[in-house]
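Below is one structure, written out as structure tokens, with a few remarks after it.
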Amino acid sequence: MVFTPEVLWNGLVWPLVRLVMFISLGLLVGNILEGLRWTRAMGKVATPLIRIGRLKDISGASFALAFFSGVAANSMLSEAYDKGELSDKELIISNLFNSLPTYFLHMPTVFFIAAPFIGHVAFMYVGLTLLAAFIRTAVIILWGHLALPPDGCCGSISAKLESQEPRNIATILAIALKRLRKRLPRVIFITIPIYTVFFFLRSYGIFADFETFLSAHLSFLSWLKPEVVGVAAFSLAAEFTAGLAAAGSLLGAGTLSPRDLVLALMIGNILSTPMRALRHQLPYYAGIFKGRMALKLIVYNQVLRSSSLIVVICIYYFMTR
């Protein structure tokens, strides 16, 4: 591949600029919200859930903020963790707790991409992935209830916030910018090298070769129709839109039923999990959380996501036989 200035700008420089910009904005917004003492008010949105899950107010605030910005929500958790307000286990559970609002944030995009290709089947596909998101949330809340101490939930952050003196906007902004300047070098020095390495790996076809290898070894899906396996493999070896195009073509020709199509897309969604984690989550998480914790959060997120999708697929498969 020839790396012309245009290729480097469109494929590496501009995406990096945009990624660092959004991470920085998320850090700044999180610090401003904390300075304005809005974390307690925002946390009330999820109060019943965080009480059952024995989470802190800052976790509820992050949950509410995740409906608008996943970066800002994770930045808020990262700041609280660095200051010792969240333990390792609380950080992991709180981050996983944000999977539901994060899903809602991206759900309209997924639906409006899928609908032109597969029509009404998009409602079923998106509905099943939404069900998986609710299952994840239920599991996370149960995990928090069983794993976290009841005396540390709720209130602890609120009490501290109430005891602090109010600040004016100028002071809040100055503190937020100071924290941003402290965190930004780490974001730049970690995110840029990781993103750059993955850009060149992708450009030289390393990911494509790996995905092709995986798609060629799907014998464990022999219980499905060959066309279903084909769409799942195509979703793995190509982008989501390309998989939808292939699925829509087979659906239009009558080769695949709506049920088979949904199964194919769901399975392709699971099979693409490792590549999604490496391509998209690693550079983003590494810029917000420290190295080992970033990897741990990615693993927990993807394992929980895949497990919930597998459960939903099994339910759908046996209920529609």
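The values are calculated or read from the model by the stated rules, or taken from the named source; none is laboratory data. Note that the structure is predicted; figures quoted are calculated from it, not measured. So basically every Cβ, Gly included, is an ideal-geometry build from the backbone, and we count neighbours across all protein chains shown. Heavy atoms of the whole protein, side chains included, go into the accessibility calculation; ligands, DNA and RNA do not. Shrake-Rupley method; radii C 1.70, N 1.55, O 1.52, S 1.80 Å.
A few remarks follow.
Table: residues versus (1) in contact with a strand residue (DSSP E or B) (Cβ under 9 Å, 6 or more places away or on another chain); (2) of a type in the set (Lys, Arg); (3) under 24 Å from residue 73 (Cα atoms).
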{"site": "273", "(1), (2), (3)": "no, no, yes"}
{"site": "280", "(1), (2), (3)": "no, no, yes"}
{"site": "287", "(1), (2), (3)": "no, no, yes"}
{"site": "292", "(1), (2), (3)": "no, yes, yes"}
{"site": "296", "(1), (2), (3)": "no, yes, yes"}
{"site": "300", "(1), (2), (3)": "no, no, yes"}
{"site": "310", "(1), (2), (3)": "no, no, no"}
{"site": "321", "(1), (2), (3)": "no, yes, no"}
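- Residue 112, sole failed condition from (1) at pLDDT 95 or above; (2) exposed (fewer than 14 other Cβ atoms within 10 Å of the Cβ); (3) not basic (Lys, Arg): (1)
- Residue ID - most open to solvent (accessible area, probe 1.4 Å), chosen from residues in region 253-286 that are on the phi < 0 side of the Ramachandran plot and not in a helix (DSSP H, G or I): 253
- Considered as a group, the residues in region 287-321 that are part of a helix (DSSP H, G or I) and of a type in the set (Ser, Thr, Tyr) include one that is farthest from the chain's Cα centre (by Cα), and that residue is 317.
- Looking only at residues of region 303-321 that are touching a residue at least 12 places away in the same chain (Cβ under 8 Å) and of a type in the set (Gly, Ala, Ser), we find that the one that is surrounded by the fewest Cβ atoms within 10 Å (Cβ to Cβ) is 306.
- Flag for residue 138 being among the small types (Gly, Ala, Ser) and either modelled with pLDDT of 60 or more or not in a helix (DSSP H, G or I) (or both): yes
- Residue match in region 71-82 (condition: open to solvent by less than 10 Å² (accessible area, probe 1.4 Å), free of Cβ contacts under 8 Å to residues at least 40 places away in the same chain, of a type in the set (S, T, N, Q) and under 17 Å from residue 58 (Cα atoms)): no
- Hey, residue 215 polar (S, T, N, Q), open to solvent by 50 Å² or more (accessible area, probe 1.4 Å), at pLDDT below 70 and more than 20 Å from the chain's Cα centre (by Cα) or not: no
- Flag for residue 300 being among the aromatic types (Phe, Trp, Tyr), open to solvent by 60 Å² or more (accessible area, probe 1.4 Å), in contact (Cβ under 8 Å) with a residue 40 or more places away in the chain and closer than 27 Å to residue 16 by Cα: yes
- Restricting region 131-145 to residues that are open to solvent by less than 60 Å² (accessible area, probe 1.4 Å) and not hydrophobic (A, V, I, L, M, F, W, C), the residue that is farthest from the chain's Cα centre (by Cα): 144
- Single residue of 148, 96, 128 found to be open to solvent by less than 30 Å² (accessible area, probe 1.4 Å), among the aliphatic types (A, V, I, L, M), over 30 Å from residue 315 (Cα atoms) and modelled with pLDDT of 90 or more: 148
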